[in-house]
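Below: the structure, in structure tokens.
What follows draws every value from the coordinates through simple rules; no lab data is involved. Computed from a prediction, not measured in an experiment: that's the story for all the values here. Neighbour counts are summed over all protein chains in view; Cβ atoms, including those assigned to glycine, are modelled from backbone coordinates with ideal geometry.
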Amino acid sequence: MYHAVSTDDLNRPLIERLIQMAETFRTTPRHILRARLQGTLVATLFYEPSTRTRLSFEAAVTRLGGNIVGAENARENSSAKKGESLADVFRVVGAYADAIVIRHQDEKEMALALPYSPVPIINAGAGSGEHPTQSLLDIYTLWKEFGEVDGLSVCMVGDLRFGRTVHSLLRVLSFFQGIQVTLVSPPELALDDLLLEEIKGRGLSVETKERLDDVIGEVDVIYQTRIQRERLPAEIHLSYATEDYRISAQTLERLPSRSRILHPLPRVNEIDPDVDTDERAAYFRQVQNGLFIRMALLDEILGGVLR
Ligand code: NCD
């Protein structure tokens, strides 16, 4: 059985296949798409807030003709409130559905519960650990915007410590050749040393800069992120100049015309709305790519059950 729980479950040939599938799904008439997962049932369990990820998974299943059962705000509204373990939740929900899409606050608990699931688990974000399907749509977006991913210089900005999308994207970028990574964050939110060593060990060329301004003239990609305020431990007090990490119309003046700005969203104030209409702002195109690549992933995992 195939789970999509960490970026270790992904590899370059699989990602390339999913991208091709996503491209096909983009142009396939809806009535034909609806046959692909007809009769399947997918459960969505969201223990943390979500708009895009939950709705895009639900839209993806529905467009492929499958059905959804789900628990939103599962931390409060499900039997987790009664103290049920995640292992038991997987056993129970796995008795109803063909796959479980889950967002959970504790990545360790999710890993421990995994062996108890009788059906594939898709990780829709786990604490400050990983968010592998976001990295799929990030890579798909890079591929669409640039035609290829190899050789890109990518600058990751913002909360590199607690932002799970950054952790997954860095790992997935290491499947590609000639990637240059620059990390820009307030010191309190710098990438964890262990992960830094890990991605260097995987062959990524990484450098760290203090301010976005120091790299803006040379990068292909700015991957902007929000400060994960809800995850900050009480002992961390942020003391930084917002302008050093914010993208505004002024920033655009120095950004090369071929460059692109990505953001997993939601945005708070780290990208000025003035930037949205610029061709280089790719974050709303990124959202739509998420729908098609999640359709491709679901088809990859569940299609075999039916065909
Ligand atoms: C991200 C997440 O949940 O990690 N959102 C998303 O899924 N697109 C990013 C965030 O919350 O900052």
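Under 21 Å of direct C-alpha separation, and excluding same-chain neighbours fewer than eight residues apart, Lys200 reaches these lysines: Lys209. For Val181, the amide hydrogen comes within under 5 Å of the amide hydrogens of Val154, Ser205, Val206, Glu207, counting only partners 5 or more places away or on other chains and with H modelled in the peptide plane.
Rg and Dmax of the chain, based on Cα coordinates, read 19.2, 56 Å. Extension gain for the segment Lys108 to Glu188, taken as residue separation times 0.36 nm less the Cα-Cα distance, is 26.5 nm to one decimal. Across region 94-160, the mean sequence separation of Cα contacts (distance under 8 Å, 6 or more residues apart), normalised by length, yields a relative contact order of 26 percent.
Going from the residue with the fewest nearby Cβ atoms within 10 Å to the one with the most, Met21, Met295, Met110 rank Met21, Met110, Met295. Our summary gives region 158-254 a relative contact order of 36 percent, counting only alpha carbon pairs under 8 angstrom and 6 or more residues apart. Based on alpha carbons, the Rg and Dmax found for region 176-248 are 13.5, 39 Å. Helix 283-306 and the long axis of the chain differ in direction by around 30°, with both axes built from C-alpha atoms. Over region 28-97, one equal point on each Cα, no solvent: what is log10 I(q)/I(0) by the Debye formula at q = 0.12 Å⁻¹? At q = 0.12 Å⁻¹ the computed log10 ratios are -0.37. In a simple Cβ point-charge model (Lys, Arg +1; Asp, Glu -1; nothing else charged), region 127-210 has a dipole of about 140 debye relative to its Cα centre. Considering only Gly151, Gly66, Gly83, the Gaussian network model of the chain with Cα springs below 10 Å gives its largest mean-square fluctuation to Gly83.
As a rough footprinting exposure proxy, the listed residues Thr51, Thr165 were ranked by other beta carbons within 10 Å of their own, and the order from fewest upward is Thr51, Thr165.
Straight-line cross-link reach from Lys81 at under 24 Å between alpha-carbon atoms covers these lysines, not counting any fewer than eight positions away in the same chain: Lys108. With the charge dipole of the chain set up from +1 on Lys and Arg Cβ and -1 on Asp and Glu Cβ about the Cα centre, the Cα lying farthest toward the positive end among the listed residues Ile247, Ser185, Gln105 is that of Gln105. Structural descriptor for the chain: relative contact order 20 percent, calculated from alpha carbon pairs under 8 angstrom and at least 6 residues apart. Ranked by how many other Cβ atoms sit within 10 Å of their own Cβ, fewest first, the residues Leu232, Leu238, Leu152 fall in the order Leu238, Leu232, Leu152.
When only alpha carbons are used to place a centre, region 140-155 and region 233-279 end up 19 Å from one another.
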